[in-house]
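Encoded as C-alpha cells, the structure appears first; notes follow it.
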Amino acid sequence: MKKIIVKIFFIYFFLNLLNSYLLADNTYFIDFSKVLNQSKAGADAQDKLKKKFESESKKFINEEESLKKQENDLIAQKKALSNEEYQKKVEDLRKKVSKLQTDKQVSLNEIAKSRGLAKQELLKNVNPIIKNYMEENKIRLIVDKQSVVLGYTSLELTDKIIDILNQKLGSIKIN
C-alpha cells in the first residue's frame, strides 16, 4: 500500500512538473492580422493601397461612363449610318470595352500583388522582432491567435510586438 502511494505521489509530482515546465509562462500568442493592420508600417501600406485602389477605380468608372456615352451616341446615329459603318463602330466599341475589362483586371491583380508583397515585407521584419523578444523573455512558443481556442489575455503579445515594430519600422515600400 505504501509503495502505491509513493508511486502515485511521484506520478503526480512528475505530471505537475512537466505541465508547469512545458506550458506555464512559456506559451504566448499574437494576432498577426492586428500586427499587419495596426502597426505604423502596416497601416501606412493599407492606406497607400486603398488610395491606389480608389484612384484606379475612379479612372475605370470614368472610362466606363465614356464608353456608355459612346454607345448611346452610336445608337442615336444608327439610322443615319450605313449598316457596314454601324457594324464597324459597334466592333470598335466592343474592342474598347474588352480592353477596359482587361486593363481593370490587370490593375486589380497588380494591387493584389502589391498587397501580398507588402505583407511579406512586413512579416519579414516582424519575425526577427518576435525571435529577439522570445530570446530576451525566455519564451518557448508563440502561436497565431487564430489557432488559439481559449487563452488568458495576459498571454497575448500583440500590442508589445506592435510597439517594438513601430519603433523599428516606420513604413514599407509599396510598388
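Values in this text are rule-based calculations from the coordinates and carry no lab data. Not measured: the values here are computed from a predicted model. Positions of Cβ are generated from backbone atoms using ideal geometry, with glycine treated the same way; all protein chains shown enter the neighbour counts.
Here are the numbers for this structure:
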read-out: Gaussian network model of the chain, springs between alpha carbon atoms under 10 Å - residue of Ala118, Ala80, Ala43 with greatest fluctuation; value: Ala80
read-out: For Val143, residues with placed amide H under 5 Å, excluding near neighbours; value: Tyr28, Phe29, Ile30
read-out: Arg94-Asn125 pseudo-label distance in nm [points 7 Å out on the Cα-to-Cβ vector]; value: 5.0 nm
read-out: Within a Gaussian network of the chain (alpha carbon springs, distance under 10 Å), most fluctuating of Gln146, Gln46, Gln77; value: Gln77
read-out: Calculated FRET efficiency for the pair Lys50/Ala76, C-beta based, R₀ 35 Å, to 0.05; value: 0.35
read-out: Under the Karplus curve 6.51 cos²θ - 1.76 cosθ + 1.60, θ = phi - 60°, whole-Hz ³J(HN,Hα) for the range 91-97, x wherever Gly or Pro sits; value: 5, 4, 5, 4, 4, 5, 5
read-out: Sparse-neighbour loop sites [trypsin sites (Lys or Arg not before Pro); the range 99-138; at most 15 other C-beta within 10 Å; DSSP]; value: Lys138
read-out: Helical contribution to [θ] at 222 nm, DSSP H n ≥ 4, -39,500 (n - 2.57), averaged over the chain, rounded to 500; value: -26500 deg cm²/dmol
read-out: Compactness of the chain as Cα Rg over 2.2 N^0.38 Å, two decimals; value: 1.90
